[in-house]
Amino acid sequence: MSVHVYRLNSQALRLTDATGPTLDAVSLRLPNGAYTTLRTYHTDRISGLSAHLQRLIESSQLLQRPYPLDPAAIRSALRDVIAREQLPALRIRLTVPLDEAVIFISVDPFEVYPPEFYQRGVRCATTRLSRHTPRAKATDFIASSRESKAAIDPDIHELLMIDRQKQILEGTTSNFYAVLNGVLRTAGEGVLEGITRRIVLQEAAAIIPLDYRPIRLSDLSQTTEAFVTSSSREVMPVIQIDDQSIGARQPGSITLTLLEKYRAYLAQNAEIV
């Protein structure tokens, strides 16, 4: 099934002729701007919807978009789109062009990741790719990250961005974490403030000390666990980065506990659209 794209302005919501095989492919055809990607649960629930909309507003402001956003109007449009699509799970991308007072709502059927990704873990690779404005989620980053991903082994699940000091900051579409010396490490600055990240760190604070500093590549040999988070992935174990195995090369207890806690949080707190 192809991605459907709706256009919302002050007058109406309508289905457009734009389409494509993936959300990223569609995003490349839309005007540059700010965006956020959502995942529905139980048809009409979205984890952290209010936070997603607030971040979309903040991203558009950081990118100096002159048009205000109305969260209530966006929620109403989302309810309409979900009703039209009639699918139990969707990935929805809200794209806010910088030079036009409209919002594009791109919709794709959501397919959960294979269970073995969580049972066995995934492999990641590092890249020198970086965001121009780390705190803003901007569509121009999608093109550069797609080019980088096209050049790597298809078995690599995610690219992790490193800085000049060879510190791991975040993934191209995720936040990154590592357990080092019994402490959960994650970059505190120079990264996108992920919505899933907020929930995971809230849950993590009860079970492990937190340190908002990125780890270096040289720390990987001593790292016992690693994982990435995003709305679509939830909490996904990482067992290898570049050529370095992580810990026992299997999902660790902290990672699996946080996955369980995150899913329990969603069951209680995912917002009705």
The listed residue being more than 26 Å from S144 (Cα to Cα), buried (at least 21 other Cβ atoms within 10 Å of the Cβ) and aliphatic (A, V, I, L, M), out of I195, I199 | I199
Please enumerate the residues belonging to the range 56-65 that are in a loop (DSSP other than H, G, I, E, B) and either among the charged types (D, E, K, R) or touching a helix residue (DSSP H, G or I) at 6+ places or on another chain (Cβ under 9 Å) (or both).
-> R65
Taking the range 1-54, which residues are in a loop (DSSP other than H, G, I, E, B) and touching a residue at least 60 places away in the same chain (Cβ under 8 Å)?
-> M1, N9, S10, T22, L28, L30, P31, N32, H42, D44, S47, G48
Counted residues in the range 125-145 being within 18 Å of R233 (Cα to Cα) and out of contact with any Ser or Thr (no Cβ under 9 Å at 6 or more places or on another chain) come to 1
Restricting attention to the range 175-198, the residues that are in contact with a helix residue (DSSP H, G or I) (Cβ under 8 Å, 6 or more places away or on another chain) and in a helix (DSSP H, G or I) number exactly 3
Scanning the range 40-89 residue by residue, those on the phi > 0 side of the Ramachandran plot and more than 20 Å from the chain's Cα centre (by Cα) turn out to be Q64, Q86
Closer than 27 Å to L192 by Cβ and out of contact with any strand residue (DSSP E or B) (no Cβ under 6 Å at 6 or more places or on another chain), is that true of H42?
-> yes
What do you reckon, is V112 in a strand (DSSP E or B) and within 24 Å of E271 (Cβ to Cβ)?
-> no
Members of the range 3-30 that are surrounded by fewer than 19 Cβ atoms within 10 Å (Cβ to Cβ) and either under 19 Å from H52 (Cβ atoms) or assigned by TED's automatic domain parsing to the domain that holds F141 (or both) | L13
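Table: residues versus (1) hydroxyl-bearing (S, T, Y); (2) in a helix (DSSP H, G or I).
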position	(1), (2)
D153	no, no
Q165	no, no
L169	no, no
T173	yes, no
V200	no, yes
I208	no, no
Show the residue pairs that are 6+ apart or on different chains and have beta-carbon atoms under 9 Å apart, the first residue being within the range 177-198 and among the β-branched types (V, I, T), the second being surrounded by fewer than 18 Cβ atoms within 10 Å (Cβ to Cβ) and assigned to a strand (DSSP E or B).
-> V179/T224; V183/L210; V183/D211; T186/L210; T186/D211
From the list I105, I142, which residue is under 17 Å from the mean Cα position of the chain (by Cα) and assigned by TED's automatic domain parsing to the domain that holds P71?
-> I105
Please find, within the range 123-163, the residue that is surrounded by the most Cβ atoms within 10 Å (Cβ to Cβ) out of those that are touching a residue at least 60 places away in the same chain (Cβ under 8 Å) and farther than 27 Å from T95 by Cβ.
-> A125
Working only within the range 31-43, note down all residues that are surrounded by fewer than 21 Cβ atoms within 10 Å (Cβ to Cβ) and either in the same structural domain as T139 (by TED's automatic domain parsing) or within 15 Å of I105 (Cβ to Cβ) (or both).
-> P31
Residue hits (the range 210-246; hydroxyl-bearing (S, T, Y) and part of a loop (DSSP other than H, G, I, E, B)) are Y212, S231, S232
Kindly establish whether R123 is modelled with pLDDT of 95 or more and at negative phi.
-> yes
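The values are calculated or read from the model by the stated rules, or taken from the named source; none is laboratory data. Computed from a prediction, not measured in an experiment: that's the story for all the values here. Reconstructed Cβ throughout: ideal geometry from the backbone, glycine too, with neighbour counts over all protein chains shown.
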